[in-house]
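Every number here is computed from the coordinates shown, using simple stated rules; none is lab data. Note that this is a predicted model, so its numbers are computed, not measured. Here the Cβ positions follow ideal geometry from the backbone for every residue, glycine too, while neighbour counts run over all protein chains shown.
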Amino acid sequence: MDYRPLLKLAVNAALLAGEEILSIYNTDFDIETKPDNTPVTEADKASGQCISTELRKSGIPIISEEEEAAEYSERCNWKQVWIVDPLDGTKEYIKRNGEFAVNIALVEDKRPVIGVIYAPVSRLIYFAAQGLGSFKIEQHDLITELTKRNITENLFEFGKKLPLRRPPKSYTVVASRSHLSREVNARIRQLEDIYGQVDIISVGSSIKQCWVAEGKAHEYPRFGVTMEWDTAAGQCILEQSGNQLVDYVTGKPMVYNKENLQNNFFIAKTVTI
């Protein structure tokens, strides 16, 4: 299957959502608390509505953090489904540190085949599709193409294929700014026993997965609660760059559109050390 038309749709949806997010970013926006005790802002909702409007053009159903999911009795029959986090890293958004992103993935037969992660503040986009590879468009290229409004027609011309580099000499772990846990610290100690020196770098949101795909880090361990929309796009970017995201319980790649949309613990890691 040629995934390029759906990839272009997803990239366009992410860029439009980014504009919605930035239009609210420097305002005195409202913050609410959801039933799971996590924050949600006007930007989460505006981004979600924007993305859903665009992706519905494909006729493919959507699972989004900001929409109530269909019952599993219906979802289990879906061959394809979009999985969306309209604003991944809401806590970072509230802190206004720029480390948040839009996540859009297309899942087919429970595996991610398209992944798009867009960081609106840095104008940085990562994207991937099965059989096409993983790519990154950096700030100056993206700004130029946004002005022309034709970035989706030039994705592969302007994209730099991942990985961009070999991982650092010292074993490097990328960790969350908001979710560092005892389990992650234990994992780091385990890695120190194997590799000696372990360097730690931090960034918010799904960009952590992209840093592994890009070659900035060897792994990103996450031993805390995440949902399918937190990882689906990043997993595609990792896998299409030759790396992997492994379910810590099964030891296999994460699968999606499960009855329970919560993920097991996982490790995103480079294949080449």
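In units of the compact-protein estimate 2.2 N^0.38 Å, the range 9-127 shows a Cα radius of gyration of 1.04. Per-residue Cβ neighbour counts within 10 Å put Cys210, Cys76, Cys50 in the sequence Cys76, Cys50, Cys210, beginning with the fewest.
Report for the chain the percent antiparallel among DSSP-assigned beta bridges with both residues inside it, nearest 5. Beta bridges within the chain, antiparallel portion: roughly 80 percent.
Taking every eigenvalue of the Cα gyration tensor of the chain, multiplying by 5 and rooting it, what semi-axes result, largest first, whole Å?
26, 21, 20
When the Cα positions of Ser47, Gly196, Gln235 are compared along the charge dipole of the chain, Gly196 comes out farthest toward the positive end, with charges on each C-beta of Lys, Arg, Asp and Glu. As a proxy for reagent exposure, Met254, Met1, Met227 were ordered by neighbouring Cβ count within 10 angstrom, fewest first; the result is Met1, Met227, Met254. Both radii come from the Cα set of the range 161-273: Rg as radius of gyration, Rh as Kirkwood radius; their ratio Rg/Rh reads 0.94. Per residue, the convex hull spanned by the alpha carbons of the range 92-137 comes to 64 Å³.
Listed from fewest to most Cβ neighbours within 10 Å, the set Ser73, Ser181 follows the order Ser73, Ser181. Annotation: amide H-H contacts under 5 Å for Val246 (H modelled 1.01 Å from N, sequence separation of 5 or more, or interchain): Ile267, Ala268, Lys269.
Direction-averaged shadow area of the convex hull around the Cα atoms of the range 31-83, nm²?
Orientation-averaged projected area of the Cα hull: 4.1 nm².
In sequence order, the range 66-75 has phi-based couplings of 9, 10, 5, 6, 5, 4, 4, 4, 8, 5 Hz under the Karplus curve 6.51 cos²θ - 1.76 cosθ + 1.60, θ = phi - 60°, and Gly or Pro positions carry x. Amide H to amide H, with H built 1.01 Å from N, Gly224 comes under 5 Å of Phe266, counting only residues 5 or more places away or on other chains.
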